[in-house]
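What follows is calculated from the coordinates using simple rules that are stated; it is not laboratory data. Because the structure is a prediction, the values reported are computed rather than measured. Cβ placement follows ideal geometry from the backbone for every residue including glycine, while neighbour counts extend to all protein chains displayed.
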Amino acid sequence: MGAVQPVTDTDFQTTVLDSDKPVLVDFWAEWCGPCRMVSPVIDEIAAEHGERMGFVKLNVDENPRTAAAYRVTSIPTLNVYSGGKLVKQIVGAKPKAALLSDLREYLG
């Protein structure tokens with residue numbers, strides 16, 4: 001069982017890139033309506049699959065360095081990192097079934 005933890009520019013390297021399992025990063029902002037729609041879906045997926053994959057949220061307004069480094073120009077953006085590299089990018093809010101399908105290879 002996993003919970004979605006906040007991540008910042010400061011701890012992105014150790015929390016995400018140095019992780020021994022794939023990590024989904026939810027790039028979001030307080031003012032973003034679609035971000036608020038997808039957030040509970042990510043919470044559900046994290047609760048169901050947290051042992052296979054890490055789940056974190058990065059507020060783009062508070063942490064612009066990481067968002068800029070990965071060219072996040074639209075939110076919500078869900079990036080999957082594995083072995084220190086960006087391996088998948090999902091842009092926009094999607095229903096749970098679509099996200100599970102997109103993440104299938106990382107969830108086992």
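Points worth noting:
- For segment 5-107, the antiparallel share of DSSP beta bridges with both residues in that region comes to about 60%.
- Shown here for segment 9-53: chymotrypsin sites (Phe, Trp or Tyr not before Pro) in loop regions (DSSP other than H, G, I, E, B) with at most 10 other Cβ atoms within 10 Å, namely TRP31.
- In the chain, the calculated helix contribution to ellipticity at 222 nm averages -10000 deg cm²/dmol per residue, counting -39,500 (n - 2.57) for every DSSP H run with n ≥ 4.
- Inter-site label distance for ASP9 and LYS85 at 7 Å from Cα along Cβ, in nm: 2.7
- Whole-Hz couplings from phi, Karplus 6.51/-1.76/1.60, listed for segment 4-17; x for Gly and Pro: 7, 9, x, 9, 10, 3, 5, 9, 4, 4, 6, 6, 9, 5
- Computed over the chain, Cα set: Rg, Dmax in Å: 12.4, 33
- Taken along the Cα-to-beta-carbon direction at a fixed 7 Å, the label points for MET37 and ARG71 span 2.6 nm.
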